[in-house]
Amino acid sequence: MPINQPKVSQLCEALREFLEQEVTPAVDDSGLKYKLKIAMNVLAIIARESELGDEFQRLERAELSEYLGADGDNDELNQNLLKHIQSADISASEDKLLAALEQITVAKMAIDNPRYASYLKHL
């Protein structure tokens, strides 16, 4: 029996379904219902992050490393990019940079909220 079962995403989905199907209908307070909806959205983000987060990190690192011609972890690469933009070594509107940032942003939207209209447009 695998020790990594159930997955984080499965646990989040089970809790989200419980909140949605059993707790929310039993709550009369609209403020509390709103907070439950927020909690369910957070659980969905955690589930997607657990499934897609490693791939996102690899994509971001690959895109930034290729663009900058440097290596490092994601935080270092982002800081490196920021310094180059602030010092005007590179233009924030450069096509190659915009293409890399678009790839990173689309991958991040898949985690944050795959229902974003901009994300759906890219599919």
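The values are calculated or read from the model by the stated rules, or taken from the named source; none is laboratory data. Small disclaimer: the values here were computed from a predicted structure and weren't measured. FYI the Cβ positions are ideal-geometry reconstructions off the backbone, even for glycines, and counts take in every protein chain you see. Note: areas computed on protein heavy atoms with side chains; ligands, DNA, RNA excluded. Shrake-Rupley method; radii C 1.70, N 1.55, O 1.52, S 1.80 Å.
For the chain, with every protein chain kept in place, what is the accessible area per residue (1.4 Å probe, Å²)?
Details: 8590 Å² over 123 residues.
So the chain comes to 70 Å² accessible per residue, rounded to a whole number.
From the C-alpha gyration tensor of the range 3-55, pull out the three semi-axes of the equivalent ellipsoid (sqrt of 5λ each), sorted largest to smallest, in whole Å.
Numbers: eigenvalues 126, 31, 5 Å².
Output for the range 3-55: semi-axes of 25, 12, 5 Å.
Can you show me the helix-derived [θ] at 222 nm for the chain, built from DSSP H runs with n ≥ 4 at -39,500 (n - 2.57) apiece and divided by the number of residues, rounded to the nearest 500. Spell out each step's value before the answer.
Details: 5 runs with 87 residues, N = 123.
Result for the chain, helices only: -24000 deg cm²/dmol.
How would the range 52-93 be classified by its alpha-carbon gyration tensor: rounded, prolate or oblate, with rounded meaning a/c under 1.5 and the a/b versus b/c comparison settling the rest?
prolate
Heavy atoms only, 1.4 Å probe, whole protein assembly: order Ile104, Ile85 by accessible area, highest first. Show your work: numbers first, answer last.
On the way: Ile104 20, Ile85 60 Å².
Putting Ile104, Ile85 in descending order of accessible area: Ile85, Ile104.
Keeping every protein chain in place, order Val8, Val106 by accessible area at 1.4 Å, biggest value first, i.e. largest first. Don't skip to the end; give the middle numbers.
On the way: Val8 75, Val106 35 Å².
Descending accessible area places them as Val8, Val106.
Quote the relative contact order of the chain in percent (integer), defining contacts as alpha-carbon pairs under 8 Å separated by 6+ residues.
About 23 percent, as a whole number.
Considering only protein heavy atoms and a 1.4 Å probe, what is the carbon-and-sulfur percentage of the accessible area of the chain?
Numbers: 4730 of 8590 Å².
Carbon and sulfur together cover 55 percent of it.
From largest accessible area down, sort Lys121, Lys7; use a 1.4 Å probe on the protein chains. Intermediate values should be presented prior to the final figure.
Numbers: Lys121 165, Lys7 90 Å².
Ranked from most to least accessible, the order is Lys121, Lys7.
I'm spelling it out carefully: the read-out is Cα Rg over 2.2 N^0.38 Å, the candidates are [x] 1.86; [y] 1.48; [z] 1.40, and one was derived from this structure. Which label?
[z]
Is there a quick way to get the dipole size of the chain? I mean about its Cα centre, with the Cβ of Lys and Arg at +1 and of Asp and Glu at -1; what is the value in debye to the nearest 20?
Working: 13 positive and 22 negative charges, 81 e Å.
About 380 debye.
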